[in-house]
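The values are calculated or read from the model by the stated rules, or taken from the named source; none is laboratory data. Because the structure is predicted, anything quoted here is derived from the model rather than measured. Virtual Cβ from ideal backbone geometry, glycine too; neighbours counted across all protein chains shown. Note: accessible area is taken over every heavy atom of the protein model, side chains too, but ligands, DNA and RNA are not part of it. Shrake-Rupley method; radii C 1.70, N 1.55, O 1.52, S 1.80 Å.
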Amino acid sequence: MADRAALEDLVRVQGERVRGLKQQKASAEQIEEEVAKLLKLKAQLGPDEGKPKFVLKTPKGTRDYSPRQMAVREKVFDVIISCFKRHGAEVIDTPVFELKETLTGKYGEDSKLIYDLKDQGGELLSLRYDLTVPFARYLAMNKLTNIKRYHIAKVYRRDNPAMTRGRYREFYQCDFDIAGQFDPMIPDAECLKIMCEILSSLQIGDFLVKANDRRILDGMFAVCGVPDSKFRTICSSVDKLDKVSWEEVKNEMVVEKGLAPEVADRIGDYVQQHGGVSLVEQLLQDPKLSQNKQALEGLGDLKLLFEYLTLFGIADKISFDLSLARGLDYYTGVIYEAVLLQPPARAGEEPLGVGSVAAGGRYDGLVGMFDPKGRKVPCVGLSIGVERIFSIVEQRLEALEEKVRTTETQVLVASAQKKLLEERLKLVSELWDAGIKAELLYKKNPKLLNQLQYCEEAGIPLVAIIGEQELKDGVIKLRSVASREEVDVRREDLVEEIKRRTSQPLCIC
C-alpha cells in the first residue's frame, strides 16, 4: 500500500512537470521525453481497482458561470429589463416544468426537443421549452384578456448543443409580450421598437430585423400548389434558408418531403426576395398572391406596420424577407427575427447575417387552445437571445483584455497600524447600516500594503483608513485607489463623501 502511495506521488509530480513544460512552451522533444516517463510510471501503477470512476463535469449542453461572466450577464439583463420597464411591462413567473399535454403539439417538428421527466407518480411532466406556451396557459388559466408582461427564466431543449456559438440545452430567454384586443399593428410595431432599442443599447454590432407574415407564407404556398397537409413541413424547410443554399432547401422539399419540383421552383421565385415597403406594394400587385385572401390580409398589415416603423424611426432596420418562416406552429401573423451583420468581405457586397439574436411574432390562437370554450386572446411578443449576446460580449471583452468588476464594493475599511480590528468592525458596520457597499480583510492585523493591493485587484475605488491619530482627531483618511490622493474626512461626513465620489454608475462592458 505504501509503495502504491509513493508511486502515486511520483505520477503527480511528473504530471506537474509535464504541465509546467507545456506552459513554458518547451521543445516538443523535451515534452515527449517527460510524457514517456509519466506513462511508464502510470503503467507501473496499474489500473485503479475498486476505485469508482467519476468524471467531474457539467452535463452536456450546460455550463457554470464565473463571477466575471455573471457580472457581464447582470449588465446585459439590466439593459433588457430597463427597456421592458420603460415600455410599461409587468413581470410574471411560471413553473420550470409543465404538464406534458400543455406543451405537446405546440412546436411542430421541434417537439422532439422537449425534455420529458420520469413519471413521479401521478402527473406526466416536461421541462418548459420556451416561455410563450406557459404564458398562454397562464392567461387561459387566470382568465386574463389583457396584459403587457416580461419574463426572464431558463428553458430546456434536448438539442445538439454548439456551445461556442451560444447554443445550449439549458439557457435563458428574455420575453416581452402584449396580450389583448387592440387595433392592428400598433403592439407589433412597439415589439419591433423594443427589439431595436435593446440591440442598439447593447452595442454588439450592426443588426437587421427580418420580418414576414405567416398568412403571406400560407397564401404563397397555396398559390404555388403546395398541398394543405404539407404547409407546415415545407415551412420548416424554408426556415433553413438563412443557413443553407436554396438548392439544398429545394432538394429537401422534393426528395425528402415529396413536393413536385415545379411547385418548389415557384416557391423559390418568392422566397428569394427581400426588401422594404416597396416589395410589399409590389406583391400587393402580384397577379397570383393578390388573389389569395390570407396573403392579401398579411400584405395589408405589413404595409401598415412599415408606416408605424417609419414613425418610430426604425424602418431602415427592418427588411421584409419572404424566406423568414419561424418554425414554431403557434405563429399566426407577423413574424420577425434579428440577425447580427458581419461587414462585407469586399466593397459593394451586402453584409452577411451571422446568427439570430432576437425573434418573435404574433400568435392569436395559442391561448384559445387552453381555454375550455376556445376563447382567443390575441398576443404578440419577442424573445431576446441572451446566450448568444453573452457569448459576443464575453468574446469582445477578452479581445480587448478589459478588466471586469465582479463586485460593487465602494470602499474598503483598512487600518494603518496593529490592534485596530475593533475600530474597523465598528466603522464597517456604520457604513453597512448607512447603505454603503463596504468590505474589510478578515485578518486581525493586516498590512496596509496588502489592503491597498486587494483594492487594486478587486477594482474597489476607495479606502477608508483608520489610524491612532485619525481616531484622536475624529477623522477618517479617505484614499482614492486610482489617484492615490488622500484626504481627511470628518467621521460624520464620511457616508456622504463616499456616496458623492461613487455616484457614477459602474460600467463593466
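A few remarks follow.
- Taking the listed residues A136, A140, A153, A179, the one that is within 19 Å of V367 (Cβ to Cβ), in contact with an Asp or Glu (Cβ under 7 Å, 6 or more places away or on another chain) and among the small types (G, A, S) is A140, with no other qualifying.
- For the residues L304, L279, L284, L322, the requirement of being more than 17 Å from A338 (Cα to Cα) and open to solvent by less than 30 Å² (accessible area, probe 1.4 Å) singles out L279.
- Filter pass, R405 being within 32 Å of the chain's Cα centre (by Cα) and open to solvent by less than 70 Å² (accessible area, probe 1.4 Å): yes
- No other residue among Y129, Y150 is under 27 Å from E74 (Cβ atoms) and touching a Cys at 6+ places or on another chain (Cβ under 8 Å) apart from Y150.
- Selection from region 117-126 of residues that are open to solvent by 60 Å² or more (accessible area, probe 1.4 Å) and either free of Cβ contacts under 8 Å to residues at least 12 places away in the same chain or not in a loop (DSSP other than H, G, I, E, B) (or both): K118, D119, Q120, G121, G122
- Boolean, R388 is within 20 Å of L341 (Cβ to Cβ) and either assigned to a helix (DSSP H, G or I) or not aliphatic (A, V, I, L, M) (or both): yes
- Checking V76 against (1) more than 25 Å from V334 (Cα to Cα); (2) surrounded by fewer than 14 Cβ atoms within 10 Å (Cβ to Cβ), the condition it does not meet: (2)
- None of Y107, Y138 is modelled with pLDDT under 90 and within 22 Å of A179 (Cβ to Cβ) except Y107.
- Residues of region 372-388 classified as open to solvent by less than 20 Å² (accessible area, probe 1.4 Å) and at pLDDT below 90, total: 1
- Near pairs, Cβ below 7 angstrom, 6+ apart or cross-chain, from region 412-434 (assigned by the TED database to the domain that holds E486 and basic (K, R)) to any residue that is surrounded by 15 or more Cβ atoms within 10 Å (Cβ to Cβ) and assigned to a loop (DSSP other than H, G, I, E, B): R424/L440
- Selection status of V393, at pLDDT below 95, in a helix (DSSP H, G or I) and in contact with a Cys (Cβ under 8 Å, 6 or more places away or on another chain): yes
- Of the helices (runs of 4 or more DSSP H) contained entirely in region 1-112, those carrying at least 3 residues that are touching a residue at least 60 places away in the same chain (Cβ under 8 Å) fall at 67-86.
- On the stretch given as region 445-465, residues that are over 16 Å from E497 (Cα atoms) and either touching a residue at least 12 places away in the same chain (Cβ under 8 Å) or of a type in the set (A, V, I, L, M, F, W, C) (or both) total 11.
- Looking across region 247-256 at every residue that is of a type in the set (D, E, K, R) and under 18 Å from S323 (Cα atoms), the one that is least open to solvent (accessible area, probe 1.4 Å) is identified as E252.
- Single residue of E439, E408, E485 found to be of a type in the set (D, E) and touching a helix residue (DSSP H, G or I) at 6+ places or on another chain (Cβ under 9 Å): E439
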